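Scroll down for the structure; my scribbles are underneath it.
The values are calculated or read from the model by the stated rules, or taken from the named source; none is laboratory data. What you see is a predicted model; the values in this text were computed from it and never measured. Using ideal geometry, Cβ is built from the backbone for each residue, glycine included, and neighbour counts are taken over all protein chains shown.
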Amino acid sequence: MKYYKVEDTFFEAFEGKYVRALITGPTEEIVKRAAYDSTSTPSAVIGRVEGGVEGFLDKNQTPDGRYGAVVQYWLGSDDIEKFAFELSYRLRQDVLVKPFTRIFDYSDSDSDEYIEMMDIVGHCGDGYEWIVEEYGRKMINVPIAVPDFQIEEKFKINDGIMGGNFWYLCSTQEAVLEAGDAVINAIMGVEGATAPFEICSAASKPETNFPEIGPTTNHVYCPSLKESLGEESKVPEGVNYIPEIVVNAIDEEAMNKAIKAGIDAALEFDGVIRISAGNFDGKLGDKNINLLDILK
C-alpha cells in the first residue's frame, strides 16, 4: 500500500548527448557557486545546453585533492558543433571566472567522441595559453589575472537519457519546498543522475498560442485556473500546487533509480496528495516509462 498515492501513468524520456565534468576549487563555497552557476539555466527544451549538479566530492575523491562538484551538461540533439559552442558559454562565463577553479572530464564511458577545449575555452588566454601534464591529465593552462585557470584538453561526449519526470501534487506551500528539498537530496544520492530544474514550478505542453517563446504553461494543471476552466481543469480536489521534478541521467537504470528515490522521498510528507507525471500522450518521447513499473 506504500504507493497508493501514485497514479498509473507514464513519463516520456528522450535520447540526448551529455558531457560529465568535475569542477574543483579551494573551498566548498567556490565549487558550489561554479557548479550551480554553470548549470543554472535548464534550456534543452529550447535547443540550448542545459546542466545539472550531480553531486559533491570530498578532497580525497578528486584528482587535485580539492573540493569537487560533478556536473552534467546536456543537448537534446546530435549537433556537436552547436553543443561545443553553447557549452563554451557555461564554462567560460560561470567557471573560469571563479578564482582557482579547474575542470576535469569525469566520464567513464568508452565513447570515442570528444569536444576539444582549446578552441572554445583555452583561447581565452588570447594565445598565451599552454598545455601542461598534471594530475595524470593533459590540462590547458589559461593565464588569467588570478593565476591560473586549468581545464582538461578533451571532454568525452556521451549518449544518455533526459526528460524523465514526475509530479508531486501538494496541498501546502510547505510541502512543495520541504518535500522538494528531500527529493533533490535523494536524487543527488544516485550516481549518474541529475535534476536540472530542481523544484520546477511550470509544467509545459507541446502546443502553444505563442510559438515564438517556446513551450508555454500546461493550463489545465494550473491551480489558479481551476475555477475559470471548470470541467476542463485537471487539478484534483485539495491540490493547490503541482511541482515537477525532471531527471537527466547517464542511462535508463540511473534515471529510474533517481525517480524512484525521489518519489519515495516525496511520499514521506503528509502534504503530498498524489504522485503523477507529465507526458504528451506518448507522441514525443523516445521511451514511455510507467511510474508503477519503476516502483515495483
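Structure data summary
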read-out	value
Enumerated strands (runs of 3 or more DSSP E) restricted to the stretch 102-202, each holding at least 3 residues that are over 26 Å from Ala44 (Cβ atoms), touching a strand residue (DSSP E or B) at 6+ places or on another chain (Cβ under 7 Å) and hydrophobic (A, V, I, L, M, F, W, C)	130-134, 137-142
Residue in the stretch 204-220 that is of a type in the set (Phe, Trp, Tyr) and either under 16 Å from Phe14 (Cα atoms) or crowded, with 18+ Cβ neighbours inside 10 Å (or both) present	no
Candidates Glu231, Glu178, Glu252, Glu191 - the one that is free of Cβ contacts under 8 Å to residues at least 12 places away in the same chain and either on the phi < 0 side of the Ramachandran plot or small (Gly, Ala, Ser) (or both)	Glu231
Search result, residues across the stretch 267-292 that are hydrophobic (A, V, I, L, M, F, W, C), assigned to a loop (DSSP other than H, G, I, E, B) and within 11 Å of Trp167 (Cα to Cα)	Ala277
Residues of the stretch 248-266 that turn out to be crowded, with 17+ Cβ neighbours inside 10 Å and part of a loop (DSSP other than H, G, I, E, B), as a count	1
Those residues of the stretch 225-247 which are more than 30 Å from Gly51 (Cβ to Cβ) and in a loop (DSSP other than H, G, I, E, B), in sequence order	Ser233, Lys234, Val235, Pro236, Glu237, Gly238, Val239, Asn240
Subset tally (residues that are assigned to a strand (DSSP E or B) and among the hydroxyl-bearing types (Ser, Thr, Tyr)) for the stretch 50-81	2
Pairs, first in contact (Cβ under 8 Å) with a residue 24 or more places away in the chain in the stretch 117-145, second charged (D, E, K, R) and assigned to a loop (DSSP other than H, G, I, E, B), C-beta under 7 Å, six or more apart	Met117/Glu153; Met118/Glu153; Gly122/Glu129; Tyr135/Asp64; Met139/Glu153; Val142/Glu129; Val142/Asp148
Residue among Val183, Val176 that is assigned by TED's automatic domain parsing to the domain that holds Glu244 and either at pLDDT below 95 or within 18 Å of the chain's Cα centre (by Cα) (or both)	Val183
Residue list for the stretch 39-94, filter: small (Gly, Ala, Ser) and either in contact with a Phe, Trp or Tyr (Cβ under 7 Å, 6 or more places away or on another chain) or crowded, with 21+ Cβ neighbours inside 10 Å (or both)	Ala44, Gly51, Gly52, Gly68, Ala69, Gly76, Ala84
Residues that are of a type in the set (A, V, I, L, M) and either at pLDDT below 95 or outside the structural domain of Ser88 (by TED's automatic domain parsing) (or both), drawn from the stretch 23-62	Ala44, Val45, Ile46, Val49
Members of the stretch 9-33 that are touching a strand residue (DSSP E or B) at 6+ places or on another chain (Cβ under 7 Å) and charged (D, E, K, R)	Glu12, Glu15, Lys17, Arg20, Glu28, Lys32
